[in-house]
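Participant: Quick one: structure below, then a few questions.
Where a number appears in this text, it was derived from the coordinates with a stated rule and is not lab data. None of these values were measured; they are calculated from a predicted model. When we count neighbours, we look across all protein chains shown, and the Cβ atoms used for this are built from the backbone with ideal geometry, even at glycine.
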Amino acid sequence: MTAAGPPGADPGATAGPPGADPGATGGPAADAAGPAVVRVLLVDDQPLIRAGLRVLVADTPDLAIVGEAGTGAEAVRLAAEVRPDVVVMDIRMPDMDGIEATRRITASAGAAHVLMLTTFDDDDYVYGSLRAGASGFLVKDMALEEILSAIRVVAGGDALIAPGVTRRLIEEFAARPEPAPAPARPPAASGASPSASARC
């Protein structure tokens with residue numbers, strides 16, 4: 001005998017993990033007449049930011065929100081449960097920051113691609129994110145269409161960094177002194193060595 005659900009509930013529905021989209025299922029969702037839909041997990045400790053991104057993605061047919069998290073630890077848990085294609089990750093969050101959460105998410109086999117979306121574009125955050133395995137780094141003042149495009153780029157397996165951050169990293173790299181040339185090797189002695197002659 002099975003327990004009856006609340007009036008009006010779908011008898012075949014099962015409860016998903018907290019924070020997950022109830023309609024989300026494992027693997028990319030494919031429309032019969034179109035390409036697969038990119039499954040996105042939103043991670044930000046500010047509900048207003050998540051709400052704005054949710055509305056933005058809802059109007060985009062090829063993207064779908066499969067879960068939301070407000071802390072890094074919650075992001076790690078949800079990423080393992082709902083298996084998103086892309087995680088849009090904030091950096092400064094309580095409990096666990098986005099860099100550590102990215103490191104844990106990308107460490108698993110078949111991991112989601114992580115796109116950092118933050119207010120802070122300090123070099124330490126950029127390098128820390130890339131070392132942790134992030135596929136992209138954006139700042140929140142970018143145009144909304146650029147954020148959507150970045151999600152698609154990262155989902156496709158490519159990498160993307162905000163143009164302003166990229167310019168600064170290039171300038172920093174170009175300003176580094178050139179490494180000293182390696183010392184030249186002494187020329188090899190011609191002819192046979194004495195020991196070789198003695199053996200003849």
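Participant: Convex hull over the Cα atoms of segment 36-174, averaged projected area in nm²? Before the final figure, lay out each step's value.
Facilitator: Values: hull surface 30.5 nm².
Projected area, direction-averaged: 7.6 nm².
Participant: Also: Among Gly70, Ala111, Ile49, whose Cα lies farthest out toward the positive end of the dipole of segment 31-116, if unit charges sit on the beta carbon of Lys, Arg (+1) and Asp, Glu (-1)?
Facilitator: Ala111
Participant: While we're here: Given Cβ point charges of +1 (Lys, Arg) and -1 (Asp, Glu) and nothing else, what value in debye, to the nearest 20, does the dipole of segment 36-174 about its Cα centre take?
Facilitator: On the way: 13 positive and 22 negative charges, 80 e Å.
My answer is approximately 380 debye.
Participant: Considering the dipole of segment 36-174 built from charges on the beta carbon (Lys and Arg +1, Asp and Glu -1) around the Cα centre, which of Val87, Val37, Leu148 is farthest to its positive end?
Facilitator: Val37
Participant: Can you give the FRET efficiency to the nearest 0.05 for Glu145 and Ala175, using r as the Cβ-Cβ distance and R₀ = 35 Å? Could the numbers behind the result be given before it?
Facilitator: On the way: r = 33 Å, r/R0 = 0.93.
It comes to 0.60.
Participant: Can you say what percent of the DSSP beta bridges in segment 75-177, counting only those with both residues inside, are antiparallel? Round to 5.
Facilitator: Values: 0 of 10 bridges.
Antiparallel bridges: around 0 percent, rounded to the nearest 5.
Participant: Would you mind checking which residues have amide H under 5 Å from Val38's amide H? H placed 1.01 Å from N; only 5 or more apart, or other chain.
Facilitator: Under 5 Å from the amide H of Val38 lie the amide H atoms of Leu63, Ala64, each far enough along the sequence or on another chain.
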